[in-house]
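Laboratory data are not the source of any read-out in this text; all were calculated from the coordinates shown. The structure displayed is predicted, hence computed values, not measured ones. Positions of Cβ are backbone-derived with ideal geometry, glycine not excepted, and every protein chain shown enters the neighbour counts.
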Amino acid sequence: MIRCDDAVFPMPEYLKDAASAPAALSAFLRGVERRGALLAELQCGDAVHGEIALAAAMRAFRHPAASLPMAGWPQRFWSLLVATPQVRQDSAQAGWPESLARLGELPAIPRMALLLRLAAGLPEDEAAAVMALDEAGYRRALGEACPRDADGQPDAGAWRRLAETIQQRLRELPPERLARLARLREQAIAGTQAERPVAPAAVKHQQPGPAPRRPRRGRTWLLVLLTLTALAAAVAWQWPNRHLLFGALSPAGPATAEAEPASGLRETVEIAVETLPATAPAATFDAQTALLTHPDLELLLDDAADDLVQQAGFLAWYEAEGEAAQHHDVPDAAIAGQEPTDAPR
């Protein structure tokens, strides 16, 4: 990590503007790229996802660095790295070496608090600012990440061994990974798209494949034409009057087609007819169906019409007798079954 104290090490004027000093930006990123790659790897448990996060943070840092004093560069860079999606959650292929298995057991926030101290080398106040915490909140997260002894007390020896293991991994980064980090830095400074990191195991088995073949439109149209032709032939063959069509199209004319039908096909179709036994209509449905289809169903379901239903026979007779009396001049008293008052005794 590069620090600048103007009171002790005066900065040249031409370096105060980061936009006019790409060498200063390159030197700063060169100083943090190892620590950034290791922090991202140990935070998400995957070196590939860690390098993706580092490349994104480098590209995002390039623009605000031009308007910031160099003293504010470390906090801005680490804040950008901590905010990348890759380090905010464990990778699907997350794994930690046996010497650092403790990191895999920690929640994300305490793990980040620990790595900002041991991998990034930030003091507590700067680490708290990077995580957007106050110093008390950062100390609580760091205390949760601190190894404990059998009595539940902070284990200073385990903490020291953990710090030494992280520093050793930082010093022993393989040369091919250092070269890859250098390319990521150069691409970030140039503003070009960074190459996607590939896992080392995948590089060994990667074989150059044949170039993708472009689809041929002529072949596609040929397949469509053949499909439509086959479909038209099938429809014509299933058409009942196909012999007339084929006969009209043949040189001999329709008469030849009618005289010489295709072999194996009959010109007439025999239809079997069977007379059904006569059955009384009432036997074709049950009593419930008969009630539902009754023409006077509404009257039968009307409770207010019960009295009329009980007197239906008498009322029908009375109506019939009244009509007969009108035709034969029968007195009304006779219709009602009474003798007339002026009848002789």
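Here are the numbers for the structure shown:
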{"read-out": "Sequence of 82, 48, 273 once ranked by neighbouring C-beta atoms within 10 Å, starting from the fewest", "value": "273, 48, 82"}
{"read-out": "Order of 98, 186, 41 - criterion: other Cβ atoms within 10 Å of each residue's Cβ, fewest first", "value": "98, 186, 41"}
{"read-out": "Proxy reagent accessibility, fewest Cβ within 10 Å first, across 275, 289, 165, 84", "value": "275, 289, 165, 84"}
{"read-out": "Inter-site label distance for residue 96 and residue 71 at 7 Å from Cα along Cβ, in nm", "value": "3.6"}
{"read-out": "Distance in nm between pseudo-label sites at residue 187 and residue 321 (7 Å out along the Cβ direction from Cα)", "value": "11.5"}
{"read-out": "Relative contact order %, the stretch 13-202, counting alpha carbon pairs below 8 Å whose residues are six or more apart", "value": "27"}
{"read-out": "Label-point gap, in nm, between residue 129 and residue 144 - each point 7 angstrom along Cα→Cβ", "value": "2.4"}
{"read-out": "Contour minus Cα-Cα distance for residue 224 and residue 27 (0.36 nm per residue)", "value": "64.7 nm"}
{"read-out": "Extension reserve of the residue 83-residue 312 stretch, reckoned as 0.36 nm per residue once the Cα distance is removed", "value": "73.1 nm"}
{"read-out": "Amide proton proximity set for residue 148, modelled H, under 5 Å, gap of 5+", "value": "155"}
{"read-out": "Relative contact order (%) - criterion: Cα under 8 Å, at least six apart; region: the stretch 46-89", "value": "57"}
